[in-house]
Amino acid sequence: MRVLGVDPGLNCTGYAVVERTKSVKYPLRAGSKELLVMEAGVIRTAPGDTLAVRVRKIYRGLCQVIAVYGPQALVVEELFSHYRNPRTAIMMAHARGVICLAGAEAGLNVYGYAARRVKKAITGSGAADKTQMQRVIKELLGLKKEPSPPDVADALALAVTHLQAAARRV
């Protein structure tokens, strides 16, 4: 199974394509060869551009990733319901909307996970910080260096969380 994890953001959207090469044992062990990172990166938009231009760039970028890597599922971080700055939540929702659209138009099942659930699944603590997430993802996936920026680590974590959850359901 191949999964596209996406960490939504209007300025920087992290994405990662992770493939399960064998049946995933739970819990995943550090450096296991059960999961293969096929691609990971970010889609950046210019703050000076209009909202329409920025969401189009995110949409087109993800459509290209989907076309090249052919994932079976798309996993996106859910919105947190109690933002201190409602404007941030609204801007994040725009990015999340086009991410869901890209997945739906490609015929993918689209799943959402709360950030706390992902952090708990990856680190054992729902309150893990960005640095801890980067460090644990590096170890779990046997990467040479910590994924950077943190948006990439978050996208990898979303994909890994979904693959672990899918393995437990089988």
task: Could you tell me which trypsin sites (Lys or Arg not before Pro) in region 139-170 are loop residues by DSSP with no more than 11 other beta carbons within 10 angstrom of their beta carbon?
output: 144, 145
query: Using heavy-atom solvent-accessible surface (probe 1.4 Å) with all chains present, what is the largest-first order of 116, 84, 54?
result: 84, 116, 54
Solvent-accessible surface ranking, highest first, for 87, 135 at 1.4 angstrom: 87, 135
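Within the chain, what is the longest stretch that has no chymotrypsin sites (Phe, Trp or Tyr not before Pro) placed in a DSSP loop and near at most 15 other beta-carbon atoms within 10 Å?
Details: sites that count: 80, 83.
Counting only loop sites that pass the neighbour cut-off, the longest clear stretch is 84-170.
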- request: Return the calculated 222 nm mean residue ellipticity for the chain, to the nearest 500 deg cm²/dmol, obtained by summing -39500 (n - 2.57) across DSSP H runs with n ≥ 4 and dividing by the residue count.
  value: -15500 deg cm²/dmol
- prompt: What percent does the relative contact order of region 96-170 come to when contacts are Cα pairs within less than 8 Å and at least six residues apart?
  reply: 21
message: Please list, ordered by chain and number, the residues whose modelled amide H lies under 5 Å from the amide H of residue 128; skip anything fewer than 5 residues away on the same chain.
response: none
task: Using only protein heavy atoms and a 1.4 Å probe, report how much of residue 125 is accessible, in Å² to the nearest 10.
output: 50
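At R0 = 30 Å, how high is the FRET efficiency between residue 125 and residue 88 if r is their beta carbon distance? Nearest 0.05 is fine. Walk me through the numbers on the way to the answer.
Working: r = 24 Å, r/R0 = 0.79.
For R0 = 30 Å, the calculated efficiency reads 0.80.
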For the chain, accessible area per residue (1.4 Å probe, heavy atoms of protein chains only), Å²: 52
message: At 0.36 nm per residue, and after removing the present C-alpha to C-alpha distance, how many nm does the segment from residue 44 to residue 104 gain when stretched out fully?
response: 19.4 nm
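Sorting 140, 36 by accessible area (1.4 Å probe), largest first, what list results?
Details: 140 15, 36 80 Å².
These residues rank, largest area first, as 36, 140.
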message: Rounded to the nearest 10 Å², what accessible area does residue 130 have for a 1.4 Å probe in the complete protein model?
response: 110
- prompt: With contacts defined as alpha carbon pairs under 8 Å and 6 or more residues apart, what's the relative contact order of the chain in percent?
  reply: 33
task: Would you grab the residues whose amide H sits under 5 Å from the one on residue 38? Only those 5+ places off in sequence or on another chain, please, with H modelled 1.01 Å from N.
output: 17, 18, 19
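What percent antiparallel are the DSSP beta bridges of the chain, to the nearest 5? Before the final figure, lay out the partial values.
Details: 15 of 24 bridges.
The answer is about 60 percent antiparallel.
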message: If I ignore ligands, DNA and RNA and count only protein heavy atoms, how much of residue 19 is accessible to a 1.4 Å probe, in Å² to the nearest 10?
response: 50
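Given a 1.4 Å probe and every protein chain left where it sits, what share in percent of the accessible area of the chain is carbon and sulfur? It would help to have the intermediate numbers written out before the result.
Numbers: 4570 of 8780 Å².
Its accessible area is 52 percent carbon and sulfur atoms.
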- request: Please identify which residues in region 146-160 have an amide N closer than 14 Å to a label point set 7 Å out from the Cα of residue 22, following the Cα→Cβ vector.
  value: none
task: Name the residues whose placed amide hydrogens come within less than 5 Å of the amide hydrogen of residue 109, ignoring near sequence neighbours (fewer than 5 apart) on the same chain.
output: 74
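The values are calculated or read from the model by the stated rules, or taken from the named source; none is laboratory data. Note that the coordinates shown come from a computational prediction; the quantities given were computed from them, not determined experimentally. Neighbour counts run over all protein chains shown; Cβ positions are idealised from the backbone, glycine included. Heads up: the accessible areas ignore ligands, DNA and RNA and are worked out on the full protein's heavy atoms, side chains in. Shrake-Rupley method; radii C 1.70, N 1.55, O 1.52, S 1.80 Å.
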